[in-house]
Ligand SMILES: Cc1cc2nc3c(=O)[nH]c(=O)nc-3n(C[C@H](O)[C@H](O)[C@H](O)COP(=O)(O)O)c2cc1C
């Protein structure tokens, strides 16, 4: 068997998750905040079309990035929100678009906490902070205690409209990642202190989500291998958190790293070659029996197949490659696979690469990706202009005199 046959076969092998769900191959469209919500937390036709493209492109699962459990702390004004103001008919159509031909589509349940989009959020995290580029309040104990129910309610909503599972976002510096991180989390109650305390909120959320959605729906958790930040979550603590998660009914641990903390490196802007976090995944194998996924840096079929074949991971997450080539899984499962060509960016500003990829995925949604030719500067401007317009829509949609009904 030559390498090409072997690579295609390895990646085409189905994966049985502990909950009984079978993923049809080893390639996942990783979570990306697509910024294609309507500004009021609801799906758009564009977004439905985007997921139709990715699903017909052969991904075993497409994960919708940053679907908020609380409209008061979104990552961006183009996020979806699972709550009482949602449009269930559109959500159902989005779930249907991602569920053809044995594929799955899962919302990534998010809450941006201290890194929420400032113009439309109350910035609050595990502890009050006032440092360069970041000021936030501390969440009261009663607010922290209400979070497992908020996540469970959002997960139940997702199941009710047809999604086969959820990913709980505990990476990249957003709320649950803030709780894991000693840099953000200085609490002296049971949600702070050692890694056992800092993991408690995540574990409580997983437990309540599982109890609410039942044993046969998939639950993934995205977690950092480290924050790559002085004083942030270390690899040893991340391994300890993964060991604790092993006791919960989790189906897939999605390993990532980096954060959107001001000035810190993010995975989506990173430019080093070769897959990231594989050495960490090998260490994680020793502390968990839960299936592992690594997201970050995969650019070729050989890299993806080697990662699975070596036993380091069970399944591979692909973000930017799926934006360059939405049909990539189908292509890689054929013998004559062609790997996508990555654009070279000279001295991109922080966040610039992520903005460029977000505008390119908008072109996929519009069916104009063949003609996409925005420069980095043009993409950043288009991205920021669209967000600025959506801020006003968001404010109007969620303005209310009564307390928000979707979070206790
Ligand atoms: C446009 C864009 C948006 C992203 N949004 C999210 C997100 O909402 N949630 C998340 O966990 N990761 C997000 N990421 C990070 C990716 O999931 C992934 O971890 C990172 O891009 C590295 O993988 P890659 O090398 O395959 O791109 C985003 C990445 C990009 C490029």
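Every read-out reported here was derived from the displayed coordinates using simple, explicitly stated rules and does not represent laboratory data. What you see is a predicted model, and the numbers here were worked out from it, not measured in a lab. Ideal geometry is used to build each Cβ from the backbone, glycine not excepted, and the neighbour counts take in all protein chains shown.
Please go through region 179-209 and pick out each residue that is touching a strand residue (DSSP E or B) at 6+ places or on another chain (Cβ under 7 Å) and closer than 14 Å to residue 147 by Cα. Hits for region 179-209 are 202, 205, 206, 209.
Put simply, of 215, 262 the only residue that is within 21 Å of residue 117 (Cα to Cα) and surrounded by fewer than 22 Cβ atoms within 10 Å (Cβ to Cβ) is 262. Just to be sure, is residue 150 under 20 Å from residue 219 (Cα atoms), crowded, with 21+ Cβ neighbours inside 10 Å and more than 16 Å from the ligand (Cβ to nearest atom)? Considered against the rule, which asks whether it is under 20 Å from residue 219 (Cα atoms), crowded, with 21+ Cβ neighbours inside 10 Å and more than 16 Å from the ligand (Cβ to nearest atom), residue 150 comes out as yes. Please determine, by comparing only the residues of region 328-341 that are more than 16 Å from the ligand (Cβ to nearest atom) and assigned to a loop (DSSP other than H, G, I, E, B), which one is nearest to the chain's Cα centre (by Cα). In this case the residue turns out to be 333. Against the numbered list (1) within 13 Å of the ligand (Cβ to nearest atom); (2) more than 27 Å from residue 3 (Cβ to Cβ), residue 294 comes up short only at (2).
With respect to (1) within 16 Å of the ligand (Cβ to nearest atom); (2) over 30 Å from residue 28 (Cβ atoms), the lone exception for residue 145 is condition (1). Region 128-178 holds strands (runs of 3 or more DSSP E) entirely within its bounds, and those carrying 3 or more residues that are touching a helix residue (DSSP H, G or I) at 6+ places or on another chain (Cβ under 9 Å) map to 134-138, 165-170.
May I ask you to list the residues in region 199-228 that are touching a residue at least 40 places away in the same chain (Cβ under 8 Å), assigned to a helix (DSSP H, G or I) and under 12 Å from residue 179 (Cβ atoms)? Of everything in region 199-228, those that are touching a residue at least 40 places away in the same chain (Cβ under 8 Å), assigned to a helix (DSSP H, G or I) and under 12 Å from residue 179 (Cβ atoms) turn out to be 199, 201, 202, 203, 204, 205. The condition (being within 15 Å of the ligand (Cβ to nearest atom) and buried (at least 20 other Cβ atoms within 10 Å of the Cβ)) is satisfied by just one residue among 199, 177: 177.
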